[in-house]
Amino acid sequence: AFAFVNPGYITLVPEPCYPVYRGATYFAGGLPIYMDLRPENDFFPDLDRVDPRDAARAKILWLNYPNSPTGKLATKAFFEKAVAFARKHGCLICQDAAYTEMAFDGRALSILEIDGAKEVAIELHSCSKTFSMTGWRVGWACGNRDLIAGLGRMKSNVDSGIFTAIQRAATTALQHYDRIVPPLMKMYRQRRDTFCNGLKAIGWNVRPPEGTFYCWIPVPKGYTSAQVSSRLLEEADIVTTPGNGFGAPGEGFIRATLTVPEERLALAVERIEKLKW
Ligand SMILES: Cc1ncc(COP(=O)(O)O)c(C=O)c1O
């Protein structure tokens with residue numbers, strides 16, 4: 001956002017979302033305009049419903065697929081629509097692809113595979129999720145040449161390079177992708193199936209994620225997200241994130257994370273079953 005947003009500019013931000021899209025826009029003096037991601041829209045923003053005045057002033061369309069927190073993967077049709085929108089309105093697309101290698105059935109699409117995307121889009125990648133290198137701060141951007149140049153100008157003036165040992169670790173991780181990533185994905189798939197099938201068996205209506213290591217779970221009727229997360233924490237020692245923390249349309253959901261062993265996830269289901277709602 002700092003590279004492209006001037007005070008008064010608008011960015012289009014899907015919600016629920018990783019809160020940084022919103023925060024970075026504010027830091028740059030811009031104004032985020034939100035687009036809801038809801039189950040009834042298959043967790044895609046409805047670009048046809050963006051106010052034409054906002055579309056005309058938008059500088060960045062933020063996207064994030066595979067999506068946190070909903071676990072949704074992009075379709076080719078949606079990415080084509082987003083590219084057409086950006087070209088029509090003269091905005092750029094910043095597609096956060098942090099979870100791009102974490103797709104359960106097949107491969108996640110890159111937006112750069114779409115015709116015309118390289119004129120308007122950049123994609124942000126990270127080693128944090130793919131190689132469990134969270135906190136190591138290694139990632140990269142690729143896509144439109146001018147946008148990458150703008151990002152490079154900004155980055156080279158506000159911070160400096162990553163510790164060399166970590167860069168070498170990232171190189172090794174990338175070189176051994178085939179040995180590292182498929183077993184990790186097999187592990188996450190087993191965790192997802194154990195947890196989601198377990199929840200379904202006790203009557204919770206959960207859509208298994210298509211990608212990422214998150215489960216986006218509708219809360220029982222009559223409860224808020226915060227109430228459910230609090231009860232799970234206080235009465236079952238289970239940590240989840242209340243969905244409203246990702247933005248208003250996240251109310252009514254909690255996010256669970258598949259970063260603990262399968263046995264712990266099975267135990268979580270057992271404990272959830274004992275709570276009466
Ligand atoms: C959607 C999304 N993008 C980006 C990140 C952060 O990635 P990095 O560690 O490379 O800053 C996260 C981490 O939670 C995330 O969920």
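Here is the P(r) of the range 143-203: all C-alpha pair distances, binned every 10 Å from 0, give 17, 20, 26, 22, 13, 2 in whole percents. Along the range 219-226 the Karplus relation, 6.51 cos²θ - 1.76 cosθ + 1.60 evaluated at θ = phi - 60°, assigns HN-Hα couplings of 7, x, 4, x, 10, 8, 4, 5 Hz to successive residues, with x for each Gly and Pro.
Rounded to the nearest 20, the size of the Cβ-charge dipole of the range 180-274 about its Cα centre is 240 debye, with Lys and Arg at +1 and Asp and Glu at -1. Here's how it looks for Tyr34: its modeled amide H is under 5 Å from those of Val13, which are all 5 or more places away or on a different chain. In terms of overall dimensions, the C-alpha atoms belonging to the range 170-261 reach 49, 29, 23 Å along their principal axes, ordered largest to smallest.
Among the trypsin sites (Lys or Arg not before Pro) in the range 145-226, those placed in a DSSP loop whose Cβ has at most 16 other Cβ atoms within 10 Å are Lys221. Spread over its residues, the convex hull of the C-alpha atoms of the range 10-174 is 122 Å³ per residue.
Over the chain, all Cα pairs binned in 10 Å intervals from 0 give whole-percent P(r) values of 6, 27, 33, 24, 9, 1, listed from short to long.
Can you list the lysines whose alpha carbon is less than 20 Å from that of Lys274, not counting same-chain residues fewer than 8 positions off? Hits, sequence-local ones excluded: Lys200, Lys221.
When the chymotrypsin sites (Phe, Trp or Tyr not before Pro) in the range 179-213 are filtered for DSSP coil states and for at most 11 other beta-carbon atoms within 10 Å of their beta-carbon, no site remains. Angle of helix 262-274 to the longest C-alpha principal axis of the chain, folded into 0 to 90 degrees and rounded to 10: 60°. For the chain, averaging the sequence separation of C-alpha pairs within contact (under 8 Å, six or more residues apart) and dividing by the residue count gives a relative contact order of 17 percent. The H on the amide N of Asp96, modeled in the peptide plane, is under 5 Å from the matching H of Leu63, Asn64, Tyr65, Leu124, each at least 5 residues off or on a different chain.
For the range 85-125, the Cα gyration tensor yields ellipsoid semi-axes of 22, 11, 7 Å (square root of five times each eigenvalue, largest first, whole Å). Let me check against my output: what whole-number percent is the relative contact order of the range 1-150, with C-alpha pairs under 8 Å and at least 6 apart? After rounding, I find 18 percent.
In this Cβ point-charge picture (+1 for Lys and Arg, -1 for Asp and Glu), the range 10-174 has a dipole of about 480 debye about its Cα centre.
All of the numbers you see were taken from the coordinates with simple rules; none came from a lab. Quick caveat, the model's predicted, so the values are computed rather than measured. Reconstructed Cβ throughout: ideal geometry from the backbone, glycine too, with neighbour counts over all protein chains shown.
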